[in-house]
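**Student:** I'd like to ask some things about the structure below.
The values are calculated or read from the model by the stated rules, or taken from the named source; none is laboratory data. Just so we're clear, the structure is a prediction, and the values are computed from it rather than from any experiment. With ideal geometry, Cβ positions are generated from the backbone for all residues, glycine too; neighbour counts draw on all protein chains shown. SASA here: full protein model, heavy atoms, side chains in, ligands and nucleic acids out. Shrake-Rupley method; radii C 1.70, N 1.55, O 1.52, S 1.80 Å.
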Amino acid sequence: MSKNLTSRAEDYSKWYNELVVKADLAENSAVRGCMVIKPYGYAIWEKMQAELDRMFKETGHQNAYFPLFVPKSLFEAEEKNAEGFAKECAVVTHYRLQTDPDNEGKLRVDPEAKLEEELVVRPTSEAIIWNTYKGWIQSYRDLPILVNQWANVVRWEMRTRLFLRTAEFLWQEGHTAHATKDEAWEETKLINNVYAKFAENFMAIPVIQGLKTESERFAGAEETMCIEALMQDGKALQAGTSHFLGQNFAKAFDVKFTNKEGKQDYVWATSWGVSTRLMGALIMTHSDDKGLVLPPNLAPYQVVIVPIYKNEEQFDAVKKVADEIIDDLKERNISVKFDKRDTLRPGAKFAQHELQGVPIRIAIGPKDLEDNTVEVARRDTFTKETVILDRINVVVEDLLEEIQKSLFKKALDFRNSHITEVEDFEEFKKVLENKTGFISAHWDGTAETEQKIKELTKATIRCIPLDSKKEEGECVFTGNPSNQRVLFAKAY
């Protein structure tokens with residue numbers, strides 16, 4: 001299993017693609033550019049969903065659902081948004097098929113069934129949602145609206161990669177409406193903080209919070225906040241975005257409300273989302289040449305127990321002890337799997353669970369029963385220890401906490417060691433090619449300079465960090481004045 005994986009050093013991209021498939025996370029489907037998320041991969045996504053959903057609801061948000069189809073006239077109402085997504089849209093033009101008279105047993109699009117207006121398969125839902133909000137909002141008493149939806153979206157991608165970039169993907173998208181600019185801006189910051197906490201506390205991925213440049217903003221937004229993560233190959237990955245939309249969508253859809261002073265005003269808006277792209281981030285941040293490495297907080301099961309036996313009598317004795325351990329661990333809210341399959345030898349089971357990143361493996365055999373011990377192995381460090389049965393619950397609980405912290409620290413150390421300050425463009429290019437990672441450099445604030453650097457190096461401005469200090473300097477490319485550093489990197 002893991003022995004057949006291409007190493008990261010040999011070909012990082014190939015290693016990633018092989019790992020996603022061999023670890024049973026996802027596979028390509030019969031539909032070009034779309035993926036099938038397999039049960040093990042979906043179980044990880046479900047844990048992400050559950051935790052994010054809890055965090056959203058704790059901050060006052062509610063779930064709703066809006067249509068998959070958006071009438072083209074609604075989609076084009078906010079011009080910047082429409083222009084930004086136009087090339088990625090799948091469009092429905094007809095509403096039925098018919099038997100093909102020229103090809104027996106085949107179907108064709110019924111030429112008489114052309115829609116009066118084309119329907120866009122949602123690439124994002126601002127248009128359909130703000131058209132709906134128009135009927136929900138009349139007064140300041142109707143605000144704020146704090147709505148999230150879990151959905152799929154379609155963005156017509158030519159170059160796809162499982163989880164990272166697919167034509168259809170799963171995500172959540174929040175769409176909120178507010179009475180004031182300050183409220184909307186606070187919402188934008190709140191959600192970006194939620195994303196950062198989730199990434200760091202559950203995914204064990206350190207992130208940098210920042211603002212996108214104008215050219216990198218969400219189409220139709222006045223500001224876009226983001227969390228940026230660094231993968232093991234030194235490329236950045238945008239892990240989540242939160243958009244301050246101002247009154248752009250309210251004006252496009254004529255969504256007004258009567259404020260406390262009795263005057264009419266346009267509503268202020270935000271939108272925000274994370275997607276199954278987080279699965280790619282999880283894989284590329286922690287995994288190794290043996291397979292997945294999963295942080296305990298997101299592992300489908302945190303502990304696997306593998307019985308070692310030669311006959312039914314030994315199996316029954318081992319299972320009795322394993323059942324006691326499982327009951328005790330479940331009382332501590334630790335998820336456990338007892339791998340009782342008789343079609344695989346213990347070594348093959350070890351290899352599979354290693355490949356799938358199960359944080360802790362417990363092996364129990366007849367000799368262990370005699371000694372009143374079990375063998376406990378950590379996936380992240382491959383270390384093993386013999387633990388007395390009476391202490392197994394405490395040891396496992398402590399180990400899971402330690403693994404979670406250790407994975408975060410390892411990723412943080414890597415990220416921090418791959419943020420490099422540079423002063424000139426030659427140094428910029430050298431670091432980008434040899435060391436990789438984030439490059440902290442001065443930028444003159446113009447889209448022209450940003451575009452030229454991208455053309456020459458394929459590096460983009462990942463964000464203007466929120467904690468970036470004002471500092472006088474010279475643009476790394478033009479030498480023009482600059483008052484703070486931004487982070488550049490090659491990115492997924």
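**Student:** Tally up the carbon and sulfur contribution to the accessible surface of segment 34-176 as a whole percent, 1.4 Å probe, everything protein left in place.
**Tutor:** On the way: 3870 of 7660 Å².
Carbon-and-sulfur percentage of accessible area, whole number: 51.
**Student:** Counting Lys +1, Arg +1, Asp -1, Glu -1, what net charge surrounds residue 437 among other residues with beta carbon under 9 Å of its beta carbon? Show your work: numbers first, answer last.
**Tutor:** Working: positive: 235, 415, 435; negative: none.
Neighbourhood net charge equals +3.
**Student:** With a 1.4 Å probe and all protein chains kept in place, how do 108, 159, 391 rank by accessible area, largest first? Let's see the in-between values first.
**Tutor:** Working: 108 85, 159 205, 391 130 Å².
Ranked from most to least accessible, the order is 159, 391, 108.
**Student:** Show me the chymotrypsin sites (Phe, Trp or Tyr not before Pro) within segment 324-415 that DSSP assigns to loop and that have at most 14 other Cβ atoms within 10 Å of their Cβ.
**Tutor:** Values: sites: 338, 350, 382, 408, 414; in loops: 382.
Answer in residue order: 382.
**Student:** In addition: Cα centroid distance between segment 229-299 and segment 199-221, in Å?
**Tutor:** Each part reduced to its Cα centre gives a spacing of 7 Å.
**Student:** Hey, another quick one. Rounded to the nearest 500 deg cm²/dmol, what is the calculated helix-only ellipticity per residue at 222 nm for the chain, with -39500 (n - 2.57) per DSSP H run of length n ≥ 4? Write down the numbers at each step before the final one.
**Tutor:** Numbers: 14 runs with 172 residues, N = 492.
Result for the chain, helices only: -11000 deg cm²/dmol.
**Student:** Determine the relative contact order of the chain: mean sequence separation of Cα pairs under 8 Å and six or more apart, normalised by residue count, in whole percent.
**Tutor:** On the way: 976 pairs, mean separation 68.5, N = 492.
RCO, the chain: 14 percent.
**Student:** I've got another one for you. Near residue 452, which aspartates and glutamates are there with a Cα under 18 Å away, not counting those fewer than 8 places off in the same chain?
**Tutor:** Leaving aside aspartates and glutamates fewer than 8 places away in the same chain, those within reach of residue 452 are 214, 216, 423, 424, 426, 427, 433, 444, 474.
**Student:** Also: What is segment 317-435's relative contact order, in percent, from Cα pairs under 8 angstrom and six or more apart in sequence?
**Tutor:** Details: 78 pairs, mean separation 21.2, N = 119.
Relative contact order, segment 317-435: 18 percent.
**Student:** Would you mind getting the accessible area per residue of segment 350-472, heavy atoms of the protein chains only, 1.4 Å probe, in Å²?
**Tutor:** 52 Å²
**Student:** Right, next: State the percentage of accessible surface on segment 325-402 attributable to carbon and sulfur atoms; use a 1.4 Å probe and exclude ligands, DNA and RNA. Please report the intermediate quantities before stating the final value.
**Tutor:** Values: 1800 of 4020 Å².
Result for segment 325-402: 45 percent of the exposed heavy-atom area is carbon or sulfur.
**Student:** Once the Cα atoms of helix 392-417 and of the chain are each reduced to a long axis, what angle between those two axes, in degrees from 0 to 90 to the nearest 10, is obtained?
**Tutor:** 50 degrees
**Student:** Roughly how many debye, to the nearest 20, is the charge dipole of segment 205-280 about its Cα centre, given +1 on each Lys and Arg Cβ, -1 on each Asp and Glu Cβ, and no other charges?
**Tutor:** Working: 8 positive and 9 negative charges, 35 e Å.
In debye, rounded to 20, segment 205-280 gives about 160.
**Student:** Still on this structure: For a 19 Å ceiling on Cα separation, which of these pairs sit above it: 197/410; 409/429; 330/405; 189/410; 80/251? Provide the component values of the computation, followed by the final result.
**Tutor:** Working: 197/410 17 Å; 409/429 28 Å; 330/405 21 Å; 189/410 27 Å; 80/251 13 Å.
Those over the limit are 409/429; 330/405; 189/410.
**Student:** Rank 338, 389, 399 by how far each Cα sits towards the positive end of the charge dipole of segment 334-432 (+1 on Lys, Arg Cβ; -1 on Asp, Glu Cβ) and give me just the farthest.
**Tutor:** Projecting each Cα onto the dipole axis, the largest value belongs to 338.
**Student:** At 1.4 Å probe radius, can you tell me the per residue accessible area of segment 167-263 in Å²? Kindly include the intermediate steps, with their values, before the conclusion.
**Tutor:** On the way: 3260 Å² over 97 residues.
I get 34 Å² per residue for this part.
**Student:** Let me ask something additional. Projected onto the charge dipole of segment 63-175 (+1 at Lys/Arg Cβ, -1 at Asp/Glu Cβ, origin at the Cα centre), which of 84, 69, 111 gives the Cα projection farthest towards the positive end?
**Tutor:** 84
**Student:** Then there's this: Could you look at segment 229-293 and say what percent of its accessible area is carbon and sulfur, using a 1.4 Å probe and all protein chains?
**Tutor:** Numbers: 730 of 1850 Å².
Answer for segment 229-293: carbon and sulfur cover 40 percent of the accessible area.
**Student:** Would you mind calculating the relative contact order of segment 61-165 from Cα pairs under 8 angstrom and at least 6 residues apart, reporting the percent as a whole number? Walk me through the numbers on the way to the answer.
**Tutor:** Values: 126 pairs, mean separation 41.6, N = 105.
That works out to 40 percent.
**Student:** For segment 10-72, what number of Lys pairs, 8 or more residues apart or on separate chains, have alpha-carbon atoms under 29 Å from each other?
**Tutor:** Working: 14/22; 14/38; 14/47; 22/38; 22/47; 38/47; 38/57; 47/57.
Taking segment 10-72 as the scope, the lysine pair count is 8.
**Student:** Right, another one. For the chain, with only Lys/Arg (+1) and Asp/Glu (-1) charged at the beta-carbon, what is the dipole magnitude about the Cα centre, in debye rounded to 20? Spell out each step's value before the answer.
**Tutor:** Numbers: 66 positive and 80 negative charges, 112 e Å.
The dipole magnitude comes to about 540 debye.
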